[in-house]
1. Modelling each spin label as a point 7 Å along the Cα-to-Cβ direction, I'd like the Ala54/Lys145 distance in nm, to one decimal.
2. Can you compute the modelled spin-label distance between Glu186 and Glu102, with each label point 7 Å from Cα toward Cβ, in nm?
3. What FRET efficiency would be calculated for the residue pair Ala196, Arg92, taking the C-beta separation as r and a Förster radius of 41 Å, to the nearest 0.05?
Amino acid sequence: AAAAGAAGTAGRSSGGGSNGSAKDRGDPAPAAGGRDAGPLSPSPPALEPEPATAPRYTLVHRGSQDGVSDLTGSWSDVRLQPASEGGTGRPRELALRVELPEVQTAADLDLDITARHVSLGEEARRYTLELDLPFEIAPERCSAKYDRGKHALTIVMPVLPPPDGGVGVSFQPASAGQTEAEARAEIEAAAAVEAAAREAAAE
């Protein structure tokens, strides 16, 4: 009977007289050293990508649609070439060269050409170019080539003729000039004056 009473007392002591351990109650375990770790610090913000930059480019005119020789286009030019003397100012084609020092292959480029606009982007967003063209071109006949050694993209764009079928804006004189009849009358008048001068000299 004494042993049974002791066992009952031990049972009450372990099960009823105590609320149990912190682990049994579901309370969070204290941090090492007996202190609470506190809230976790937020992770640093992600770095923003560098903004894309416009690459250096050269746009030149090549040839002439009116048959006048035009040799002004060259890669040393830094602006649009003027129309050749006697020409209409409408070239046969436009040549665009874009310098891309950090691009290794043409596969990294995204090129879109429309009749009056060229859009160029780079996969890593290091370069972007939006360029309006001075003449309407034929997008389906354009060609592009990337030189890996010089890190330069060359785009050749054929220029369409004017919508009216002409060769462009040409010089129009203010008048049609002297007619054939007026020219004959002027010659006859000059001959008469010269004859009268000879007669006066003979007298």
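What follows is calculated from the coordinates using simple rules that are stated; it is not laboratory data. As the structure is a computational prediction, the values presented were derived from the model and not from experiment. Glycine also receives a Cβ, built like all others from the backbone with ideal geometry; neighbour counts cover every protein chain displayed.
1. 2.8
2. Inter-label distance under the simple model: 6.8 nm.
3. Once the sixth-power term is evaluated, E becomes 0.10.
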